[in-house]
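To start, the structure itself, in structure tokens.
The values are calculated or read from the model by the stated rules, or taken from the named source; none is laboratory data. None of the values given here were measured: they were computed from a predicted structure. When we count neighbours, we look across all protein chains shown, and the Cβ atoms used for this are built from the backbone with ideal geometry, even at glycine.
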Amino acid sequence: MALRRGCPAATPAAVELCQLLKGVNTSKSCDNAGVGEGRLVGRARELERLEALAMRAADGQGAVCVITGEPGIGKTRLVARALADWKSQGFDTYAAAAWEMEQRRPFGPISDALRLRDPTAGAARDPVGVDFQVAERLIDLIEERAATAPVAIFVEDLQWADPSSLTVLGWLAREGAQLRLLLVCTLRPDPARAEARALLGALDRLAAPRIELGPLSEDEVSDLVAAAVEGPPADGLLHLVAAANGNPLHVTELVAALRADDVLAADQDGRVGVADGQFPVSLRKTVLHRLSGLPDAVPDLLRAASVLGSAWTVSELETIVSRPAGELAAGLPPLTLVC
Ligand SMILES: Nc1ncnc2c1ncn2[C@@H]1O[C@H](COP(=O)(O)OP(=O)(O)OP(=O)(O)O)[C@@H](O)[C@H]1O
Ligand SMILES: [Mg+2]
């Protein structure tokens, strides 16, 4: 399973992480070009905050920082940029992701980040003791590395991390304040798993820094679109893209769909817009494709809810589908998947 360590390039998400982390400390096979390249739009305040944490960590005041935000909002992209900066400032940087399919692999993301092939090798066979021995060993290793240079560790997608990795992260949050260590984790909002919720609760009690990444502003979306279409965007195009609600992944997907339909053209002022003013076919397909992985009840509900606009309350939804909220909620994934 060579793909596992540092570059589990089997899934699109994995490929994207590897590409975003080019130049950071990941495995060599992460050299594909394309995704995640180009200028980082906005996020100056968040980068400043991360930079301040890094400077304190370099002075021996370690921290664990969690970055939350909906899928595609730019968590990985933000941290990738910060890690690249820290690496050039002399930090020892490590990065790995927790994978949805490996939520039970003990110490998965943390040992991947530290590039340990088998973190349990040599540990006692007693199944209860193994986890603690390995956790201690990993923590010792991080302490050793932080003694020679400031260390930045990025663990992506904490919502899928195994319980043993979460134990190590919890320990580092509690005890790592004396280390030259900045641990940055990304997490989608409202994780379903109890262990991830428990860790978040513990981090809040420790007043660990948290960055909640929101949508890009209108001007930032306009910048992102301008970069994607290689020219100033026309108002009509920006109006269409406003449907993405400032989510950079959705913005870029929408523009890519328009490109695929070959409907983008510059007007006489050089502004790039949708040539024939028609709603492009692949835009519709993009949305349908996104919804296809969800249980049937979700697209049905969204279809009904669409008459209410882009924001609505549960009681409005109850009224429009003539069913009580409890019945609607049964069988639906967590609300964050629907939004
Ligand atoms: N500020 C930004 N400027 C330019 N592109 C961005 C920005 N933020 C995100 N992107 C692009 O949007 C896409 C999604 O970003 P990213 O993968 O960082 O989201 P995410 O929040 O980590 O999502 P997930 O929860 O699925 O891991 C990527 O292609 C990324 O390059
Ligand atoms: Mg991500």
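Can you give me the number of residues within the stretch 137-183 that are among the small types (Gly, Ala, Ser) and within 16 Å of ligand 1 (Cβ to nearest atom)?
Number of matching residues: 1.
What are the residues in the stretch 51-68 that are of a type outside the set (Val, Ile, Thr) and closer than 19 Å to Arg188 by Cβ, if any?
Cys65
Which pairs have Cβ atoms under 8 Å, sit 6 or more apart or on different chains, and link a residue in the stretch 67-79 that is outside the structural domain of Ala192 (by TED's automatic domain parsing) and touching a residue at least 60 places away in the same chain (Cβ under 8 Å) to one that is assigned to a helix (DSSP H, G or I) and within 6 Å of ligand 1 (Cβ to nearest atom)?
none
Need the failing condition index for Val130 against (1) at pLDDT below 90; (2) of a type in the set (A, V, I, L, M, F, W, C); (3) in contact with a strand residue (DSSP E or B) (Cβ under 9 Å, 6 or more places away or on another chain), just the number.
(3)
I want to confirm something. Restricting to the stretch 52-64 and keeping residues that are modelled with pLDDT of 95 or more and surrounded by 17 or more Cβ atoms within 10 Å (Cβ to Cβ), which single residue is farthest from ligand 2 (Cβ to nearest atom)?
Per the stated criteria, the residue is Ala58.
Can you tell me which residue within the stretch 147-165, out of those that are hydrophobic (A, V, I, L, M, F, W, C) and crowded, with 23+ Cβ neighbours inside 10 Å, is farthest from Thr68 (Cα to Cα)?
Out of the qualifying residues, it is Val151.
Residues that are buried (at least 16 other Cβ atoms within 10 Å of the Cβ) and touching an Asp or Glu at 6+ places or on another chain (Cβ under 9 Å): which helices (runs of 4 or more DSSP H) entirely in the stretch 185-266 hold 1 or more of them?
194-205, 235-241, 248-260
Examine the stretch 106-115 for a residue that is more than 26 Å from Gly246 (Cβ to Cβ), crowded, with 20+ Cβ neighbours inside 10 Å, touching a residue at least 12 places away in the same chain (Cβ under 8 Å) and out of contact with any helix residue (DSSP H, G or I) (no Cβ under 8 Å at 6 or more places or on another chain), and state whether such a residue exists.
The answer is yes, given that some residue of the stretch 106-115 is more than 26 Å from Gly246 (Cβ to Cβ), crowded, with 20+ Cβ neighbours inside 10 Å, touching a residue at least 12 places away in the same chain (Cβ under 8 Å) and out of contact with any helix residue (DSSP H, G or I) (no Cβ under 8 Å at 6 or more places or on another chain).
Do we find a residue being in contact with a His (Cβ under 9 Å, 6 or more places away or on another chain) and either among the polar types (S, T, N, Q) or not in a helix (DSSP H, G or I) (or both) anywhere in the stretch 145-153?
Within the stretch 145-153, not a single residue is in contact with a His (Cβ under 9 Å, 6 or more places away or on another chain) and either among the polar types (S, T, N, Q) or not in a helix (DSSP H, G or I) (or both).
I'm told Leu206 meets every condition in (1) under 19 Å from the mean Cα position of the chain (by Cα); (2) closer than 30 Å to Ala147 by Cβ except one. Can you identify the failing condition by its number?
Unmet for Leu206, out of (1) under 19 Å from the mean Cα position of the chain (by Cα); (2) closer than 30 Å to Ala147 by Cβ: (1).
Under the condition of being hydrophobic (A, V, I, L, M, F, W, C) and closer than 14 Å to Ile73 by Cα, which residue from the stretch 208-224 is nearest to ligand 2 (Cβ to nearest atom)?
Leu213
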